[in-house]
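What follows is calculated from the coordinates using simple rules that are stated; it is not laboratory data. Quick caveat, the model's predicted, so the values are computed rather than measured. Cβ: placed from backbone, ideal geometry, glycine included. Neighbour counts: every protein chain shown.
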Amino acid sequence: MTDTREILNPVIYIVDPDSKLTANLLTLFERTGYEAVSYPSAEAFLETEPNPARIGCVVSEMKLPGADGLELLTALRERNSRLPLIILTGDPDVSQAVIALRKKVSDYLVKPVIERDLIRRIKVVLRGVRDSQSKAQDSRLN
C-alpha cells in the first residue's frame, strides 16, 4: 500500500552540478511544500531508483557533466519512467530547445528563472501527472 504522504507531497528531483543554485532550489521547493532531492549529474540520478508510485518531476540543467539533459530524458523513457522532465538551463540553445520539445520534455526554461514562474510550471506538470494517473486508474476499473 502506498503511503498517503507519497500521494500528497510530490518530490522534485533536481539534477544540476551548480551547488549554489541547487541549494536555492531545494529551499524554494521545500518552502513551497514539495520534497526535494538533488543530484550533481544525470548518472548520479539514474543510479537511484525513484519510487514509481511517487508523484514527482525532474528539473535538470541541459549541460551536465557526462550525460546531458536530453540523454537523461532518453534514459528515463528507456526505463519506462513517467517522471516528467523540465529543462532549466543557463546556456539556452534554440536547436537544443527544439530537440528537447520534440522529445517531449515537459518544459524548457532559461536561468535565471522567476521563482513563481518555475513553481507555476511545476504545478501544471504535476497536475498533468495526477490527471493521467486518475485516467489510468479509471480505465482499469471499467
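Brief remarks on what is shown
- Where a label projected 7 Å from the Cα of residue 48 along Cα→Cβ would reach, residues of the stretch 81-105 with amide N under 18 Å: 81-88
- Working note: Karplus 6.51/-1.76/1.60 with θ = phi - 60° gives the stretch 98-112 the couplings 5, 4, 4, 5, 5, 7, 6, 5, 6, 6, 9, 10, 10, 7, x Hz, where Gly and Pro are set to x.
- In the chain, helical runs assigned H by DSSP with n ≥ 4 each contribute -39500 (n - 2.57); averaged across all residues and rounded to the nearest 500, the mean residue ellipticity at 222 nm is -15000 deg cm²/dmol.
- Taking all Cα pairs closer than 8 Å and separated by 6 or more residues, the relative contact order of the chain comes to 20 percent.
- Sorting 119-125, 54-60, 109-115 by their mean Cβ neighbour count within 10 Å, with the most densely packed peptide first, gives 54-60, 119-125, 109-115.
- Expressed in units of 2.2 N^0.38 Å, where N is the residue count, the Cα radius of gyration of the stretch 4-141 is 1.01.
- Per DSSP, loop trypsin sites (Lys or Arg not before Pro) in the stretch 86-118 with at most 14 further Cβ within 10 Å: 103, 104
- Distant-in-sequence amide H partners of residue 56 (H built 1.01 Å from N, under 5 Å): 11
- The 3J(HN,Hα) values that the Karplus relation (6.51, -1.76, 1.60; θ = phi - 60°) gives for the stretch 74-91 are, in residue order, 4, 4, 4, 5, 5, 8, 6, 6, 9, 5, x, 10, 10, 8, 10, 10, x, 10 Hz. Gly and Pro appear as x.
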